[in-house]
Amino acid sequence: MDADRKLAQYYLQHADGWLVAQLDVCARCGICAEACPFYLGTGDATHTPIRKIEPLRRAVQENLTAFGWLRSLFDKGGSSAQEVSDWVSEAYFTCTVCNRCSLACPMGIDLGALIQLTREGLAAAGMTPHSLADAVRRQDATGSPLGVTRTLFENRLDWLRQEEGVDLPLDVPEVDSLVAFTSIELIKFPGNLAAMAKVMEAAGESWTLSSTGRESVNFATFSGDTEEQTEFVRRLTEAALELGVKRIILTECGHAYDTVRRIASRLYGLPLPFEVENILETIVRFLREGRIRLRPDAFAGQRITFHDACKLQRLGGLIEQPREILHLVAPETFVEMTPNREAQWCCGGGGGVLASPEADEIRMKAFLPKVEQLERISPDAVVTACSTCRLQFLDGSKYYDMDIDVRGITEVVAAALETETPKGA
Amino acid sequence: MDWLEFFRGPMFQIALLVFILGMVYRFLRIVLMGWKKDYSPPRGSAAAGVVKTYVKGLGFLPFLPPKFPGTRHRPLTYIAGGMFHLGLFVVIFLSTPHMEAWRSVLGFGWPTLPTPFIDGFAAMSMIGMIILLSNRIVSPVGRMLTGLGEWLNWIVVFLPLLSGWVLYHHLFGMPYQTIFAIHMFTVDWLLIWIPFSRISHFMTYFITRTMHGAKFGRLGVEP
């Protein structure tokens, strides 16, 4: 099989000391399984995280170890079509690259990065699932994986301006901040954008949106297409450079924060010509500078909990910011799920899983640890800072018939702004 | 030259040489192949992350599994792993006969623990190993991840522990010389086997743990 060889070739080209050490050190203990929501939700051993990197492990073992070489004398190898389709589904449909396994591994194996590398190889060999490959192509052609063209983007902003009465400046040069949001928010959670605009206005921030750097989502991160990944980040960073802003503010999206920071520093080196900030950092900055104040009674009597997103908290380190915010708006009633922070259970929807119809059934099973966590504290609302988590929570709470409100943190902040009339609800 | 002399003399020296050369090769391969630097703007200290990951990884996790709730269903795997490794470490470095063996190789010695303690640690280590093996047989995840290599590794590590135990307790009425020779043979075989197997993780562990701590420390996340 030709694609098969391409796959192995990609891994060998990218094999370095890091990869060899990661694969050498694994004691095959299986503790990573216990950390994985897909394993726990299904009880199926085949979803053990270390097994999701099978094509990568095999390529290295067959080509870079003594036993592999010995074996290749007798067994010419090759993989069956069944094996290949299994690799694809394990790498893309049963993993959100949430990195929980990386933290649970007693050896400190960076499983998240290994699974990402596995996906990159599969993408290079043309094995990306159609749903994701199509979304990447759509993002390349239209600027958004959901097909939000520039015209549609501008129409939608107009609608928001009218509907919500908010100021949404577009392509204004020399302001402090360029805000980039996700088309998921534009289509599905426009309330988040209105809330973001209200917070910006209340804080007196000078900011703009961009018609060229308008998408923070990067579907190539999910598919593992490194070229397109860089291209999508470049669109955003070039808009920032053209507008001459000091910083890029990314709204409620998990992977954008990590992707933009990582790729931008590869493109421009450190220090970056602009700061990259997540909306959580922005809100905390406004609070610390005294530019906004939040009412402590905004959600009186409502039990509110926070869901840590894998890319923002576990992989982004934005762990205390949301807590600082929620302790202000719900000082009496903020409750933590257990476990939380870097050990938080993943929602099961990120990493492109939510965008793959093939994974629809299993992602609801992966939501089960979450259901258990929520049932233990029975909150009125769960707040997240990631739109993918939010979608997954909406689907999951419906599927499991849970009476729970799912909110974006920017909306929560906007509703608690001192100048606003209380919304309660 | 009898068997005992052979296994503790020339054979031991050959085994030691294979072990050292093999491990140096493994180490150099990783270092010389190098790794990509993380260029993203740091959110925390990589060095602090490394320190934390060792405190947690060596002192904490193996014995207090609930610290990271990834282990809630089978804390035993974690605890057994901790028992086995701690026991093995104590037996290899803190028993008098083994320290003497080290002294003959290194040229210096150190204080050791009284024999009954060592005996307890050896027992703990073997019990840990038996639990780990049972897990490999009983749990579906364990079964899936266990191949011929894992069985061989288990046997190669277990035999020196077992033969040392028999030697110390004079079990089965075997002549001292014979069982000592068997013990030395299993040790030689272990030394030769390590560089070719996953048991070499005793060295790679420190590389991956350091990388892990540095990465998450830099991200501003508790590793």
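The values are calculated or read from the model by the stated rules, or taken from the named source; none is laboratory data. The structure displayed is predicted, hence computed values, not measured ones. Glycine also receives a Cβ, built like all others from the backbone with ideal geometry; neighbour counts cover every protein chain displayed.
Summary table below
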quantity	calculated
Filter pass, A:SER79 being away from chain B (no Cβ under 14 Å), assigned to a helix (DSSP H, G or I) and either among the polar types (S, T, N, Q) or touching a residue at least 40 places away in the same chain (Cβ under 8 Å) (or both)	no
Any chance A:ALA33 is within 12 Å of another protein chain (Cβ to nearest Cβ), among the small types (Gly, Ala, Ser) and touching a helix residue (DSSP H, G or I) at 6+ places or on another chain (Cβ under 9 Å)	yes
A:ALA124 within 10 Å of chain B (Cβ to nearest Cβ), touching a residue at least 60 places away in the same chain (Cβ under 8 Å) and small (Gly, Ala, Ser)	no
Filter result for the condition that a residue is of a type outside the set (D, E, K, R) and within 16 Å of A:THR259 (Cβ to Cβ), over A:ALA359, A:ALA300, A:ALA309, A:ALA343	A:ALA309
Matching option when the condition is basic (Lys, Arg) and more than 21 Å from A:ASP176 (Cβ to Cβ), among A:ARG288, A:ARG303, A:ARG293	A:ARG303
Hey, A:ASP16 surrounded by fewer than 17 Cβ atoms within 10 Å (Cβ to Cβ), in contact with a Lys or Arg (Cβ under 8 Å, 6 or more places away or on another chain) and of a type in the set (Asp, Glu) or not	yes
Selected residue [assigned to a helix (DSSP H, G or I), of a type in the set (Lys, Arg) and at pLDDT 95 or above] from A:ARG235, A:ARG262	A:ARG235
Those residues of the range A:61-71 which are away from every other protein chain (no Cβ under 11 Å) and crowded, with 17+ Cβ neighbours inside 10 Å, in sequence order	A:GLU62
Single unsatisfied condition, A:GLY350 versus (1) more than 26 Å from A:LEU294 (Cα to Cα); (2) within 14 Å of another protein chain (Cβ to nearest Cβ); (3) out of contact with any Lys or Arg (no Cβ under 6 Å at 6 or more places or on another chain)	(2)
Contacts under 7 angstrom Cβ, first residue in the range B:88-117 being in contact (Cβ under 8 Å) with a residue 12 or more places away in the chain, partner surrounded by fewer than 12 Cβ atoms within 10 Å (Cβ to Cβ), 6 or more apart	B:MET99/B:TRP110
Unique match (being at pLDDT below 95, surrounded by fewer than 17 Cβ atoms within 10 Å (Cβ to Cβ) and more than 10 Å from chain A (Cβ to nearest Cβ)) among B:GLY149, B:GLY59, B:GLY49	B:GLY59
Flag for B:HIS169 being under 18 Å from the mean Cα position of the chain (by Cα) and closer than 25 Å to B:LEU94 by Cα	no
Residues (in a helix (DSSP H, G or I), within 11 Å of chain B (Cβ to nearest Cβ) and not hydrophobic (A, V, I, L, M, F, W, C)) located in the range A:101-121	A:SER102, A:GLY112
Pair list, Cβ < 6 Å and 6+ apart or interchain, from the range A:146-160 residues that are assigned by TED's automatic domain parsing to the domain that holds A:ARG214 to residues that are hydroxyl-bearing (Ser, Thr, Tyr)	A:LEU146/A:SER183; A:VAL148/A:SER183; A:THR149/A:THR142; A:ARG150/A:SER211
Some residue of the range A:271-281 being away from chain B (no Cβ under 14 Å) and touching a residue at least 24 places away in the same chain (Cβ under 8 Å)	yes
B:LEU88 being assigned to a helix (DSSP H, G or I), buried (at least 17 other Cβ atoms within 10 Å of the Cβ) and within 18 Å of the chain's Cα centre (by Cα)	yes
In the range A:326-347, residue farthest from the other protein chains (Cβ to nearest Cβ) [restricted to those that are assigned to a loop (DSSP other than H, G, I, E, B) and surrounded by 18 or more Cβ atoms within 10 Å (Cβ to Cβ)]	A:ALA330
In the range B:199-223, the residues that are aromatic (Phe, Trp, Tyr) and either crowded, with 19+ Cβ neighbours inside 10 Å or more than 14 Å from every other protein chain (Cβ to nearest Cβ) (or both)	B:TYR205, B:PHE216
Residue under evaluation B:PHE196, criteria (1) facing chain A (nearest Cβ under 10 Å); (2) in contact (Cβ under 8 Å) with a residue 40 or more places away in the chain; (3) under 30 Å from A:GLY43 (Cβ atoms), criterion not met	(3)
Residue match in the range A:289-312 (condition: within 28 Å of A:LEU146 (Cα to Cα), buried (at least 22 other Cβ atoms within 10 Å of the Cβ) and without any contact (Cβ under 8 Å) to a residue 40 or more places away in the chain)	yes
Residue within the range A:27-43 that is closer than 19 Å to B:TYR205 by Cα, more than 27 Å from the chain's Cα centre (by Cα) and assigned to a helix (DSSP H, G or I) present	no
Selection status of B:LEU113, aliphatic (A, V, I, L, M) and within 14 Å of chain A (Cβ to nearest Cβ)	no
